[in-house]
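Peer 1: Please find one structure pasted underneath; my questions will follow.
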Amino acid sequence: MRVRVDGVTAQVADGASVLDAVRAAGGELPTLCNDDRLTPVGSCRTCLVRSGGKVVAACVTPAAEDAPIEVAADDLRALRREAVELIVSALPSYALDGGPGGGELARVCHSLGIAPQAAQGLGGRGRDDSHPYVHLDRDLCIACGRCVRMCAEVQGTFALTLVGRGADTVVAPGTGGLWADSDCVACGGCVDSCPTGALTEPGLPIVGRTPEPARTRTTCGYCGVGCSLDVLTRDGGVVAVLPDHDGPVNRGHACVKGRFAHGFLRSPERLTHPLLRRDGRLEPVSWREALEHVARGLRAAVAEGGPDAVAAISSARATNEENYLLQKFMRVVIGTNNVDNCSRLCHAPSAAGLTATFGLSGGTDCFDDVERADCLLLVGANPAEAHPVVGARLLQRVLRGARLVVADPRAVGLARYADVHLRPRPGTNVALFHGLAHVLLAEGLIDEEFLRRRATGLPELTTLLAGYSPDRTAAITGVPADDVVAAARLFGQAEKPAIIYGLGVTEHLHGTDGVRTLANLAILRGAVGTGRGFGVNPLRGQNNVQGASDMGALPDLLPGYGKVTDPAAQARAERVWGTPVPRRPGMRIPEMFAAARAGELRALWVIGEDVCATDPDSAHVAQALETCPLVVCNELFLSETARRADVVLPVASWLEKEGTFVNFDRRFQRVRAALDPPGAAITEFAIIHALAAVLDADLGCSTPAEALAECGRLAPAFAGLSHERLDREGAVAWPCPDPDRPGEASLYRERFATPDGLAQLSAAPYLPPGEQPDDRYPLVLVTGRRWAHYNSGGMTRRTDNLLLDSVDRLDIHPADAARYGLRDGDPVAVESRHGQARLIVRTSDAMAPGQVFCAFHFPASGVNTLTSDRADTVTSCPEYKVTAVHLKALNPSTSK
């Protein structure tokens, strides 16, 4: 559409506002109540213009074809100035401190010639500084409502409201009382949107003040969403972390962890020098002494037990380049495939299930497409807490009309907004998915042409599904038959359905079957590889869990997922590395611990994983570390695992290194160092090179950029990627075999990557979970994450996030709490067949009777002593989601 603004012609999209038109023509207007991410309301009247001969608020007025728009006329400028002067007059004298760069309101006043003296309000409405990350100065609030709309429309928490009347209107927590006691999840969106400084982040510098902090753009090192962040630094420390408004996934949004949880960087507990165990104690030593000790231990292990007596656990927190270098070190320098990463504990069933079904180990579609779905099937995931930015974007889609089916035992997060909430008994996913598929077939809600041309296995699946009627599904899962039918119809009748799932699908005895039978639903609907739906997409828990596997930190797969037993993959690796690679698949993480306890594993290198806190049956993990002759641990802090190591190597955090991460929808993004590591700490990349040098080996690829380039020569799927390209384009999805072509954000448009080019339907029958409740252990424990913390809490517990969530809690239904004589805040012992943990009770109607939930962010609680060594039969992923337990009330005076 063509518009004319003060005689300047510009093009805007249909439906554009007059404000859009003014900006397209190169003009500017004050917009104190407007944020481009929010629904415009036109309440401040500071963007007044003349359109079609009438004075209107530009932000809420649609532009019309060829209708003249006046902006620069003197009378219009006077109107805008009067509107701003009226707003400013009620503010206290310090409102415009800092001059034209001091904030949005100050910049607007400067542009209109309004002096700081125009602020003459008396103030006196007070402050709320109770929250560690968001402070409120009520005297600076102009009731523009931007923060309220940001909390509702972008974050979806609905924690804020406007209270009072007339000139006394001010923002406040919706629950009343202090901000710290509200439903605020500290995403920081309200602070970003506030135009006056009424809402501020403590310590955030005023824009325009000198000296300006340095700004570094990087990718978040917490969960696998992959938010793009700007890190502001000064004098060797972080001043603030701000979301990148152009971030491909987060689009200017963030969560409490990525935005605020950087205080761990300056923790006095940060490791700054290598530690070596002498006489039972870890003592500081030089890098030379530490590395020579490790090298001697590795040589001794190989001499005594061969190369397979050495193993390494790589890190989903490390960069792609560090993971690539470590697996190369193990295969080229040591001569073993004994390398694995923590995807073994979470999404190994995703890799196995998606590969078997479609051919590649990642999700089928990019999140931008998933967000356009008209029906979302969200299974075994609570993105509102575990992946807040994704959760917020999904909620936006639901609030705009998309149908939502949630399958999760708990009524949390997006389940509150579901059209149908399916609450299966933990461990019954496969039966539930078969029940949904039964209805799709029975009611003809399938894509017969797609199934005929692009899928295989329908006859076998049809035979199996005959035994999963809604009534039988209800008997197995506990989900009412009517809900099974309603959910299947919503999914089956949608024009563009999408499946998003999490660890509630994978962390089971039959997790791979769960992934495959869930994928059946997308295949039956023809909703993958066609544009008529957006496939099957796993949410990744750690920042680089996808990339660690992509880079070949796996015992049976080389970079790019070539099998170590495949002669073609072997030949590619040997051509690039110039040396033979071991042919026999290595040990998985559970096998490493078993081999250590048996005396067969002589050296274990653990990179950035607190296996004593996060791995199942942790008492046996600790025994393995204590038995192994050499345990080396790379860490930021003296974790439970590091305390048991023989050598501890201090490493750089994600804010102190260069490289790339891969997020949950397969996008490579750059990681850039905003700071230097403290003391003698260095990057994993440098450590691996240094150890190789002590062992008289040269790994080549001396920089992270060279490592990614070398990986691309070995793995065709990554051949088109480079640091230079990512610096230029921001994010590129794999597969990306060509540097001159875009990556494949959405897969399988022409054929599936399976041997026959067809999607493979799975007819796996439902099998019960590994553990069942009984009279002694009558409750089922499910473990997961909470919004304020990350993994074992090594980073977040060393930040002010601890003020937001300070203890491990056990969520329990009020009826179960009453049965055990428990009340909110009571300490409780949780006992399983494997161990005991101590937690604090929180009653919650979100829990189903007979089930309890806790996180694993506080290792001292001992949660993973409860979980068993039962694991997915295909991938060895632990069964974290089903543990039979009973409870014992503790006397508060004697509890820890």
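The values are calculated or read from the model by the stated rules, or taken from the named source; none is laboratory data. This one's a predicted model, so the numbers in the text were calculated from it and none came from an experiment. A quick note on method: Cβ atoms are made from the backbone with ideal geometry, for glycine too, and the neighbour counts reach across all protein chains shown.
Peer 1: Return the only residue of ALA167, ALA254, ALA180, ALA240 being under 27 Å from GLU658 (Cβ atoms), of a type in the set (Gly, Ala, Ser), not assigned by TED's automatic domain parsing to the domain that holds ALA788 and not in a strand (DSSP E or B).
Peer 2: ALA254
Peer 1: Also, quick follow-up: Of all helices (runs of 4 or more DSSP H) completely enclosed by region 564-644, which ones contain at least 1 residues that are modelled with pLDDT of 95 or more?
Peer 2: Per the criteria, 567-577, 589-597, 618-627.
Peer 1: For region 565-593, what are the residues that are surrounded by 20 or more Cβ atoms within 10 Å (Cβ to Cβ), under 22 Å from THR319 (Cα atoms) and touching a Leu at 6+ places or on another chain (Cβ under 8 Å)?
Peer 2: Across region 565-593, the qualifying residues are ALA573, ILE589.
Peer 1: In region 746-765, is there at least one residue being more than 30 Å from SER469 (Cβ to Cβ), within 23 Å of the chain's Cα centre (by Cα) and assigned to a loop (DSSP other than H, G, I, E, B)?
Peer 2: Yes, some residue in region 746-765 is more than 30 Å from SER469 (Cβ to Cβ), within 23 Å of the chain's Cα centre (by Cα) and assigned to a loop (DSSP other than H, G, I, E, B).
Matching residues to (1) buried (at least 16 other Cβ atoms within 10 Å of the Cβ); (2) at negative phi; (3) of a type outside the set (Ser, Thr, Tyr); (4) touching a residue at least 60 places away in the same chain (Cβ under 8 Å):
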{"site": "SER89", "(1), (2), (3), (4)": "no, yes, no, no"}
{"site": "ALA118", "(1), (2), (3), (4)": "yes, yes, yes, no"}
{"site": "LEU122", "(1), (2), (3), (4)": "no, yes, yes, no"}
{"site": "TYR133", "(1), (2), (3), (4)": "yes, yes, no, yes"}
{"site": "ASP137", "(1), (2), (3), (4)": "yes, yes, yes, yes"}
{"site": "CYS141", "(1), (2), (3), (4)": "yes, yes, yes, no"}
{"site": "ARG149", "(1), (2), (3), (4)": "yes, yes, yes, yes"}
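Peer 1: For region 543-559, name all the residues that are in a loop (DSSP other than H, G, I, E, B), closer than 27 Å to VAL581 by Cβ and not hydrophobic (A, V, I, L, M, F, W, C).
Peer 2: Within region 543-559, ASN544, GLY552, PRO555, ASP556 meet the criteria.
Peer 1: Please go through (1) charged (D, E, K, R); (2) within 25 Å of the chain's Cα centre (by Cα); (3) crowded, with 24+ Cβ neighbours inside 10 Å for ARG525 and return the number of the only condition it doesn't satisfy.
Peer 2: Going through the list (1) charged (D, E, K, R); (2) within 25 Å of the chain's Cα centre (by Cα); (3) crowded, with 24+ Cβ neighbours inside 10 Å, ARG525 breaks only (2).
Peer 1: Right, next: Look at region 807-823 and say how many of its residues are part of a strand (DSSP E or B) and either over 13 Å from ARG842 (Cβ atoms) or hydroxyl-bearing (Ser, Thr, Tyr) (or both).
Peer 2: Looking only at that region, the number is 0.
Peer 1: Sticking with this structure for a sec: Identify, by number, the condition in (1) at pLDDT 95 or above; (2) in a loop (DSSP other than H, G, I, E, B); (3) crowded, with 23+ Cβ neighbours inside 10 Å; (4) not hydroxyl-bearing (Ser, Thr, Tyr) that GLY362 doesn't meet.
Peer 2: (1)
Peer 1: Working carefully through the options THR428, THR456, find the one that is under 27 Å from TYR748 (Cβ atoms), more than 23 Å from the chain's Cα centre (by Cα) and of a type in the set (Ser, Thr, Tyr).
Peer 2: THR456
Peer 1: Find all pairs meeting these conditions: Cβ atoms under 9 angstrom apart; at least six residues apart or on different chains; first residue within region 824-847 and more than 14 Å from ASN891 (Cα to Cα) and in the same structural domain as LEU810 (by TED's automatic domain parsing); second residue in a loop (DSSP other than H, G, I, E, B) and of a type in the set (Asp, Glu).
Peer 2: Matching pairs, first to second residue: SER832/GLU771; ARG833/GLU771; HIS834/ASP617; HIS834/ASP869; GLY835/ASP617; ALA837/ASP808; ARG842/ASP824; THR843/ASP824.
Peer 1: Looking only at region 140-162, filter to residues that are in contact with a strand residue (DSSP E or B) (Cβ under 7 Å, 6 or more places away or on another chain) and of a type in the set (Gly, Ala, Ser); which one of those is nearest to GLY174 (Cα to Cα)?
Peer 2: Filtering first and then ranking leaves ALA159.
Peer 1: Also, I was wondering about something else. What do you reckon, is LEU804 touching a Ser or Thr at 6+ places or on another chain (Cβ under 9 Å), assigned by TED's automatic domain parsing to the domain that holds ALA855 and crowded, with 19+ Cβ neighbours inside 10 Å?
Peer 2: No, not satisfied.
Peer 1: Being among the hydroxyl-bearing types (Ser, Thr, Tyr), at pLDDT 95 or above and surrounded by 23 or more Cβ atoms within 10 Å (Cβ to Cβ): is that true of TYR748 here?
Peer 2: no
Peer 1: Now for a separate question. Please work out if GLY531 is at pLDDT below 95 and at positive phi.
Peer 2: So GLY531 fits the description; yes.
Peer 1: What are the pairs with Cβ atoms under 7 angstrom where one residue, in region 757-774, is more than 27 Å from THR883 (Cα to Cα) and the other, located anywhere, is in a strand (DSSP E or B)? Sequence gap at least six, or different chains.
Peer 2: That search, which allows pairs on different chains as well, returns LEU758/ALA455; LEU758/THR456; ALA759/ALA455; GLN760/THR456; LEU761/ALA455; LEU761/THR456.
Peer 1: The conditions are (1) in a loop (DSSP other than H, G, I, E, B); (2) touching a strand residue (DSSP E or B) at 6+ places or on another chain (Cβ under 8 Å), and THR196 fails exactly one of them. Which is it?
Peer 2: Failing condition for THR196: (2).
Peer 1: Out of the residues in region 300-329 that are part of a helix (DSSP H, G or I) and among the small types (Gly, Ala, Ser), which is surrounded by the most Cβ atoms within 10 Å (Cβ to Cβ)?
Peer 2: The qualifying residue surrounded by the most Cβ atoms within 10 Å (Cβ to Cβ) is ALA309.
Peer 1: Here's something else I'd like to know. Give the number of residues within region 157-167 that are on the phi > 0 side of the Ramachandran plot and touching a Gly at 6+ places or on another chain (Cβ under 7 Å).
Peer 2: 1
Peer 1: For the subset of region 121-140 comprising residues that are among the aliphatic types (A, V, I, L, M) and part of a loop (DSSP other than H, G, I, E, B), which member is farthest from PRO195 (Cα to Cα)?
Peer 2: That would be LEU122.
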